[in-house]
1. Straight distance only, please: which lysines reach the Cα of K10 with their own Cα at less than 30 Å, same-chain residues fewer than 8 apart left out?
2. What's the center-to-center distance, using Cα atoms, between segment 40-67 and segment 106-135 in Å?
3. From the phi angles alone, apply the Karplus equation (6.51, -1.76, 1.60; θ = phi - 60°) to segment 8-21 and give each ³J(HN,Hα) in whole Hz, x where the residue is Gly or Pro.
4. Calculated from the structure, mean projected area of the Cα convex hull in nm² equals which of (i) 19.1; (ii) 9.6; (iii) 26.6?
Amino acid sequence: MFEHLRQRGKRYGMVFNDRDRSSNSHLALVAGQFAQEAGLFEVFHEKLFKAFFTDLKDIGEPDILLNIATGSGLNPEELAKAFADRRYEDCLHTAAAEARRLGIRSIPAFVFAGDEVIFGARTPENFRVALQNIKAGTYRSPLI
């Protein structure tokens with residue numbers, strides 16, 4: 001799996017190192033919601049992605065997330081409060097329920113027109129064809 005990721009990411013300057021374990025991403029999702037609300041999601045997401053896949057950081061650890069947040073221009077004290085007060089739990093539960101309804105069990109997954117889902121990393125041409133099929137009403141999401 002990692003070799004496949006390395007090959008796919010190389011042309012975009014992305015480095016994927018071998019992981020021997022995963023992280024509990026719940027707090028990272030909370031931090032993502034916080035960053036979205038602050039208008040800094042893109043920069044936060046990029047730094048989070050690098051921390052997990054390149055630097056092999058455990059993004060389930062609050063201190064690591066707070067450091068990433070600081071480096072993204074977010075207020076780490078406010079993010080720590082968001083972890084503690086659980087203000088994003090309802091939003092995350094709603095998103096998880098919607099993902100289950102759409103049959104999303106892996107990422108990336110792109111949702112269009114309410115219920116059309118494109119699964120997996122795609123080449124730009126493959127993505128274009130899928131979007132054309134969605135527009136024509138002929139696309140069928142392959143369940144992964």
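1. By straight Cα distance, K10 reaches K47, K50, K57.
2. 26 Å
3. Once θ is set to phi - 60°, the couplings for segment 8-21 become 5, x, 4, 5, 9, x, 9, 10, 10, 9, 5, 9, 9, 7 Hz.
4. The listed entry that was calculated here is (ii).
Since every read-out is calculated from the coordinates, none of them should be taken as a lab result. Everything numeric in this text was worked out from a predicted model, so none of it was measured.
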